[in-house]
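This report refers to the structure that appears directly beneath it.
The values are calculated or read from the model by the stated rules, or taken from the named source; none is laboratory data. All values reported here derive from a predicted model rather than from experimental measurement. Here the Cβ positions follow ideal geometry from the backbone for every residue, glycine too, while neighbour counts run over all protein chains shown.
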Amino acid sequence: MQDFDTNFEKLGFWKDITEEDKIEVFGMDFEDGTYIIITDDAGKTPLDKTKGLILACYDSRDSFIWGSEFKNFAALEKVCQGKTECTGELLEALKNSSKGLK
């Protein structure tokens, strides 16, 4: 899992443990106070970069805004490349470049 963690960290994501489920998730905070959390397609810690990823976006009050699904880590990485982490540009790209759960 350590190598997989490094892949997320290179894109600017942090890793933390959720209070409710005690699972590790990856996330990113954005300029406007929103943040995203990334899990696997079962809502658990992502362990395999060839499997699907779910992104859930929340506002500064922890209210769900939208969700997106990526086929695998490579698809997420492609969207992130060339964009500055934690910016509105990246947030909008993540929202619009995936199979939508909006």
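What is the residue count in segment 19-64 for residues that are outside any loop (DSSP other than H, G, I, E, B), over 21 Å from L91 (Cβ atoms) and small (G, A, S)?
0
Just checking, which of G67, G12 is part of a loop (DSSP other than H, G, I, E, B), surrounded by 12 or more Cβ atoms within 10 Å (Cβ to Cβ) and either within 12 Å of the chain's Cα centre (by Cα) or β-branched (V, I, T) (or both)?
Just a single option satisfies the conditions, and that option is G12.
Within segment 70-102, restricting attention to residues that are assigned to a helix (DSSP H, G or I) and of a type in the set (D, E), which residue is surrounded by the most Cβ atoms within 10 Å (Cβ to Cβ)?
E77
Take the residues of segment 49-67 that are farther than 13 Å from M28 by Cα and polar (S, T, N, Q): which is modelled with the lowest pLDDT?
Here the residue is T50.
Working only within segment 56-83, note down all residues that are touching a helix residue (DSSP H, G or I) at 6+ places or on another chain (Cβ under 6 Å) and of a type in the set (A, V, I, L, M).
V79
Under the condition of being without any contact (Cβ under 8 Å) to a residue 40 or more places away in the chain and farther than 16 Å from F4 by Cα, which residue from segment 42-55 is surrounded by the fewest Cβ atoms within 10 Å (Cβ to Cβ)?
A42
Of the residues in segment 1-24, how many are hydrophobic (A, V, I, L, M, F, W, C), modelled with pLDDT of 90 or more and more than 22 Å from G82 (Cα to Cα)?
1
Within segment 18-37, can you find the residues that are loosely packed, with under 11 Cβ neighbours inside 10 Å and either on the phi < 0 side of the Ramachandran plot or touching a Phe, Trp or Tyr at 6+ places or on another chain (Cβ under 8 Å) (or both)?
Within segment 18-37, E19, E20 qualify.
Restricting to segment 56-84, what's the tally of residues that are within 14 Å of D5 (Cα to Cα) and of a type in the set (F, W, Y)?
1
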